[in-house]
Amino acid sequence: MSRLHPEPLRSRPRTLWLRWPVALLLVGVLGGCGFHLRTWDLEAEFESAYVKAPSRNTFAEPLRRALRQAGVAEAADPGSAAVVVELLDERRERRSVSVSDKARTAEYEMSMALLFRVLNGAGTELVAPQWVERERVYRVDRDNLVGSSEEQSLLQREMQSDLVQQVVRTLNGVASRVDAPASTGTAGAG
């Protein structure tokens with residue numbers, strides 16, 4: 001038994017020694033190719049935003065929170081905002097996509113959609129009304145209905161977060177389009 005253990009013990013430090021250069025090489029390659037985690041810093045683009053939505057819209061508060069996290073202050077009214085995000089409509093649906101051998105629903109497909117548009121503070125439309133949508137399928141465990149219900153709630157929160165992030169990405173795109181003509185104009189003037 002003592003003959004079996006000395007070999008792995010001697011090779012273990014060598015493998016650890018080889019892992020560090022490989023890890024550093026991977027970090028260097030990822031950094032060199034421009035990879036970085038995506039974050040939204042819209043503070044430089046829009047100093048304030050106003051989210052206009054009907055009181056029943058469930059996306060308004062998560063969108064306000066996402067904009068605050070991106071560094072954008074919340075305006076008191078649409079006229080004082082640099083950008084206005086108007087949430088026009090939302091849809092939520094759930095339908096059965098498969099059944100079990102006992103003719104009971106085995107899987108559901110949930111879909112969630114949000115219709116929005118983007119205006120500047122003066123009311124000029126920057127982004128025409130558009131839908132963003134998400135769909136997810138989840139299994140129903142008849143032996144664990146509480147777990148299935150929790151999974152459904154988790155998926156709904158994730159879908160809502162995805163849709164809010166799509167709106168924030170759209171704002172990021174608006175910022176780059178608004179800046180492009182201005183920077184081109186100043187470069188030509190000089």
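Based on what the data block shows, is V127 open to solvent by 70 Å² or more (accessible area, probe 1.4 Å), in contact (Cβ under 8 Å) with a residue 40 or more places away in the chain and not basic (K, R)?
Here the answer is no, as V127 does not meet what is asked.
If I filter region 41-63 down to residues being open to solvent by 40 Å² or more (accessible area, probe 1.4 Å) and modelled with pLDDT of 90 or more, which single residue comes out as farthest from the chain's Cα centre (by Cα)?
P54
Counting just the residues of region 128-158 that are modelled with pLDDT of 95 or more and among the hydrophobic types (A, V, I, L, M, F, W, C), which one comes out farthest from the chain's Cα centre (by Cα)?
The extreme case among them is A128.
Please determine whether any residue of region 134-152 is under 30 Å from F46 (Cα atoms), of a type outside the set (F, W, Y) and in a strand (DSSP E or B).
Looking for residues that are under 30 Å from F46 (Cα atoms), of a type outside the set (F, W, Y) and in a strand (DSSP E or B), one finds at least one in region 134-152, hence yes.
Just one of the numbered conditions (1) within 21 Å of the chain's Cα centre (by Cα); (2) outside any strand (DSSP E or B); (3) not β-branched (V, I, T) is not true of E86; which one?
For E86, the exception is condition (2).
Which one of V99, V84 is among the hydrophobic types (A, V, I, L, M, F, W, C) and touching a Ser or Thr at 6+ places or on another chain (Cβ under 9 Å)?
V99
The values are calculated or read from the model by the stated rules, or taken from the named source; none is laboratory data. Here the structure is a predicted model, which means the values were calculated and not measured. Because the Cβ atoms are built from the backbone with ideal geometry, glycine has one as well, and the counts that use them run over all protein chains shown. With ligands, DNA and RNA removed, areas are computed over all heavy atoms of the protein, side chains included. Shrake-Rupley method; radii C 1.70, N 1.55, O 1.52, S 1.80 Å.
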